[in-house]
Structure formats: structure tokens, C-alpha cells
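Enquirer: I'd like to ask some things about the structure below.
Read the figures in this text as sums done on the coordinates, not as results from a lab. Just so it is clear, the model here is predicted, and its values are computed rather than measured. As a convention, Cβ positions derive from the backbone with ideal geometry for all residues, glycine included, and neighbour counts pool all protein chains shown.
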């Protein structure tokens, strides 16, 4: 329009064109400022009347605006006028860009590994670059980048992670354009992976969390985003050749045993062959870094990006189209910090943390893969998320809850994810060519439902029974655990897998594991079994509680058996004296104050294996160790066999039985007039196993009218009181059971030492 009216009136057109020019230039700058978000912008006015706007960041953009497009119809006087106004505008725009500029790190500057916490920080203060002292170490430091404003000061990048720096080490930006980590002795520990560049300008910690080294022409020589460790940040792109390695543990930043990378895939679709890539998560060999089988795969992916809004985007390796990897239910926004981290437990999680936080705020996992790492890792190699000889159960946010198998204890008591070792392996040396030479009665089996260690068996028996499975494992020196699958799951064919050490990739799951683990253990005292509390802070207290309970149980059992034997002895004596009718009537009176169970001599003889294992001697006889089957559960007992019969009057004997019958203990079922509702664990399980749950509700008419509901509630309750913490359902599972969402299966005996 200006060109059409130029010949009519240069003055009118001149006064009209200049404001339009200013508006157009301002709009270009605003667009660059808002959508490119540069930390620094350079303006260059070339002699050829071009305006060059250059962004200096991890990605460099140059925009050339030919001013001749605007000025070609005008004479030199008009051009001079425009230049004078343009220079003023450039100065104003440069001042507007100052808040986005970063603090430069000039060549020769250095940071030292000391306690003064000197850092190179980003302009906003969100990120810091420097040395972090390792937890529990006075003189070990890690060169790292971290979130500086957060109380946790979460590390997002580190250098030379497997070899921490000593105190007084330093990191320096050299004149050759390298970041170099020096030991106090002057030995080079680490150097940034970039070629020597004599044109280096400076380094900078950007607000994106990226540390960059730039040249004089503002190009990027090196940046930390291209050498990630276990985390990617908003605007960071992970591409083929870049990997994430997990850390060793929560407070150990050395390289761990999990890898996120792009695996090569050769594709032949019939028409053409080409190379594609998959984004995979793998276990790795810690020493060689070679990956084992993948436990998570996203097909046809060549780039992984985290945007500013907190969404993980993937780019197709063939079509180059992008799509959202995170689920649609993820709530994101511009008012949070974000990071995506391959955690030490092998789970890739997307985290968010509010920028305007209070003292109670922390990182929240808003998305993660895989959903269940305990079941996802199905590989012959590797120890899984919990290490060898351990059991993995799913916890909150996909986190594995790890526990040692029965008869095993932690390799490192400070690391629950580092695997377990067997407490006693001496039985493996008692072997000959025919197998174990140890007597079978020196072992016991510990049962655990819904547990398995897949792909680690060395022998399988089928068809078979559980009895044959146990016998085969007992005779086998190498058998540490046998896995039995009931015939009802396999079309009437029972199966048995024998496994040797180390056990790998153990998992526990009620809904997907239809097998029973039988652990072969040398007979030990009950409280010597190794159990890992699910809450480490409660470990000592729970262990003390177990010891106290077992001590009370043993003491009460001795007293209980003593009076039981006394009553049996009295029966024999009365039979010998011909007084059976009177005494028999006395014992069979249904007295609600007496709650004792009598045993035949034959039962006690079988329970003690012929009174074989002597525990001690008393004034009236010898005490033997034994096992009694009560309500379907095996109970360790002490049986005292009297050396001679002691005469007792019927009234005195009945009084003693009344006293012991009213003892309040978990192993005694009380039904007296004074305490009508003393429903205890063993009694409840006995009523459940015998199908007599109506005894638990007494005269409750509403409950008696719906005994199926009562049975369901009792079943859930028995699951909740399992001695083994791993068998107890979570609160969510309990809720689903009660609501009918999750099927309630038959619970095992709730007592810890329940099988032989």
C-alpha cells in the first residue's frame, strides 16, 4: 500500500511507513521472546541492511530480517532516519532481554571440594553446579548439578559418579574449552567429552538445568544435557546413543543395575528393510554394562523428550511423528518443577514438585513404568529389583517391597535391595554320590503360598504330589527350595521345580502366582529365622516383640503340657486302681470354666518322634521337644514325661485344670461365664477351618442370618493377622476384598511356624 501511494506524497507515505515498521519489528521480537524463551539474545545490524537476532542457548537460532524489504522504495535520507530510530529500539530490546541472561563462568575459574558450598548457579537460582558431600562421608564429594531451591536439593546430573572426588579436589573451566576435575595431587579424574576449541568464550549454568560451554560465535561446544546420568529435565532430549543408568541405591550415586536406552531393531515389512529403535528398560551386568532382557519396551522410538508442562514425548524413529508417552490422567502445569528419573529400583518415574512449596511438600511420582516391576522382570539372568535370594512384592507407586526368603538374611543390613545370603549351608557338604547323608528329620520345610523364582530351576518333576516333591528335595544336596504347583491348576498334573542357589527374580503375588514355595531349612530355634520388617524403623521393636511372644508361648506350652500329662497320668493310675467310672465322669462334665485338650500317649510319642530330642530334666521327669498338629497348624511344644505316677485327688486335679484352663493366652480358647467373648486367633482359625464360623458370633441374629458374609469377614481377618508380613494384604486389597472387587482366597494357617 505504501508503494502505491509513494509517488503521490512522499511525506504522507513516510510518516505512515515508519510506525508500521516499528510495529512489525516489535512483533517479531515479542514472538521470539515468548516462544523461544532465550536466556540471551544478540542483535547484529549488518551493512547489507539485515537485522540478525541470535539466541545463545543449548539450541542456536538465527533469524535474518532483510530491512531492504521495507526500505527499498526510499532514498538514503529515509534510510538514515530509520537506522537512527532502529538503534534506539535495539537498545531498548536488549535491556528487556537482561533478565534472561545467565552469569558467565570465565576461563580459569574453579570450584573446590570443601564445606563452603561454593557453586555456579543459574540466573533464576533454580539450579546449582558444584560439589556435594556424600551422605555419611566426611571427605568424599560428587561433582553434580542439583535443584538448589528445594530442601532435598535433588541431584539431577553428576560426573565421574563411580569414583567420588576427595576433599580439596577442584573443577576448572580450562582455556581449551574443557571442564576438568582434578584430584588434590593434580591427577586428572574426569574431563568433559568435547574437542579442543581455542575459540571458547565462557561456561554457564542455564535455568533449564543444562551446563553449557560456548564459543565466541555463541555456538555450543559442550553441554551436560548430552551426557545424562539417571535424569532428564524439561527441554532435554534423549536420543539414540544417550542412555540413563540408575544409581546403586537411594543414597549411593554409583552406577546401578538398570538401564534405559534405545535398542536397535531390524525391521522387514515385506516391501523394504530398515533399522528402527525401541525404547527399553533392562537389567544390566554391573561390571560389563551389558544388558539382559528388556522388562519394558516402547516400540519405534528414537527420541524421548520432557517438555516444560511435564509431559514425556516420544518421536517415532520412522515417521518422525511425536506422541505423548505419559498417560492422559497425569496432571501437569507451569507451576511445578519436573524431572524424569530412572530410579535405583529399576522404575522410570516422572516426578513433580510445586515451585511455591511449604515445608510438607516433596517430589510426587505422577507417572511410572513398569506398573509391576516384580512381575515384569522375567529373565534367566540378574537378581531382579530386590537382588538374589529375595522376594519382591508390589508396594506404593510401583516400588518393590523386598524381603529375604526364609532361612536367609541380608548381605548388607543397610541395603534391603542388595540381596540375601543363606544363614546355614552346611547341609550342602553332607553329601555323597547318592545324595544327602543327613537324616531327613534334621530338616523342616517352610511353606509360602503365591511365591516363585521363575526360570531358575535345574530339575522338574511331573506328574507328582507335594509329598513326593518334599521327599525329592530332602534327598537332594543342591535343592534349597522346591516350588509345587497343585494339580488343580494344571489339569490334574502336579508339578515340582527344584531350585538351587542363588535364587533370582523372586516374586510374590496373590493373583498371578499359583504356586507354593517349600523352603528346606535345617531345624533351628523358631526365633532364629531371618525376617525383614517392611518398615526398617520398626525392625528392632518387632524382633523384640517376636522374641517375647515366643518366650511366653514356650513357657505356657510347658506348663500346659505338664498339667495335661498330669491328667493323663492320673487317668492311667485310676484305671489301674479300678476307679475309672468316677474319674471318667469327672473329666467329661461340661464345665464352662475348664478349657483343656487331652492327648493320647501315642499322639505325644509321635509328636516327639519317640521322645527322641531331650530338652532338659526336672524333678518328676524329662522334657522332650515335639510338634503337635492343632487345628491344622503345626505347633512346637515341650512334652514332659513323668518318671513315676503321682497320686492326686480328683478335686485338687480339677482345681488345677480350672486354673490352667482360664489362663489368658493366644493358644488357649476361653469360653467361661466371666468372659463369654474371648475370641482369639487360634480359635477363630479353628472355627473357620472346621466350617463353624457361627460359633464366633454367638447369638447375634443379624450375623447368623448371613453366615456367608461372616465367613468372608473372618477370611479377610485371618489374612490380616498372618505372622509373615509379606502375606498380609494391603489396605487397598482389603478394601477390594470387602467390596467384592477382589476374590478372597482361602488363607493359610496364620502362625509363622506352621509346617514341617
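Enquirer: If r is the Cβ-Cβ distance from residue 323 to residue 355 and R0 is 22 Å, what FRET efficiency results, to the nearest 0.05?
Expert: So the FRET efficiency works out to roughly 0.20.
Enquirer: Hey, can you rank 354-365, 707-718 by average C-beta count inside 10 Å, highest first? Walk me through the numbers on the way to the answer.
Expert: Numbers: 354-365: 11.5, 707-718: 16.1.
Put in order of decreasing packing, that is 707-718, 354-365.
Enquirer: Taking only C-alpha pairs under 8 Å that are 6+ residues apart, what is the relative contact order of region 376-532 in percent?
Expert: It comes to 31 percent, rounded to a whole number.
Enquirer: How do 377, 483, 629 rank when sorted from fewest to most other Cβ atoms within 10 Å of their own Cβ?
Expert: The most exposed by this proxy come first: 629, 483, 377.
Enquirer: Hey, with R₀ at 30 Å, roughly what FRET efficiency would residue 297 and residue 730 work out to, going by the Cβ-Cβ distance, to 0.05?
Expert: Once rounded, the FRET efficiency stands at 0.60.
Enquirer: Where a ≥ b ≥ c are the square roots of the eigenvalues of the C-alpha gyration tensor, would you call region 679-756 rounded, which needs a/c under 1.5, or, failing that, prolate if a/b is larger than b/c, or oblate?
Expert: oblate
Enquirer: Place the peptides 415-425, 691-701 in order of packing, highest mean first, counting for every residue the other Cβ atoms within 10 Å and averaging per peptide.
Expert: Per-residue Cβ counts within 10 Å, averaged per peptide and sorted highest first, yield 415-425, 691-701.
Enquirer: Something else: Obtain the nm distance between the two label points defined at residue 738 and residue 267 by a simple spin-label model: each point lies 7 Å from its Cα along the Cα-to-C-beta direction.
Expert: 5.0
Enquirer: By count of other Cβ within 10 Å, fewest leading, how are 401, 285 ordered? All intermediate terms of the calculation are to be shown ahead of the outcome.
Expert: Values: 401 20, 285 12.
So the ranking, lowest neighbour count to highest, is 285, 401.
Enquirer: Going by how many other Cβ atoms sit within 10 Å of their own, how do 378, 295 line up, fewest first?
Expert: Working: 378 12, 295 23.
Ranking 378, 295 by Cβ neighbours within 10 Å, fewest first, gives 378, 295.
Enquirer: Can I ask one more? I want to check the label-to-label distance for residue 124 and residue 274. Put each point 7 Å from Cα in the C-beta direction and report it in nm to one decimal.
Expert: Spacing of the two 7 Å Cα→Cβ label points: 3.7 nm.
Enquirer: How many nm is it between the label spots at residue 227 and residue 459, if each spot is 7 Å from the Cα in line with the beta carbon?
Expert: Distance between the two pseudo-spin positions: 5.3 nm.
Enquirer: Students often check this: by mean Cβ neighbours within 10 Å, which of 206-217, 234-245 ranks highest, and how do the rest follow?
Expert: Descending packing order for the listed peptides: 206-217, 234-245.
Enquirer: Another question, then. At a Förster distance of 22 Å, what's the computed FRET efficiency of residue 149 paired with residue 371, Cβ-Cβ distance as r, to 0.05? Walk me through the intermediate numbers first.
Expert: Working: r = 32 Å, r/R0 = 1.47.
Calculated value: 0.10.
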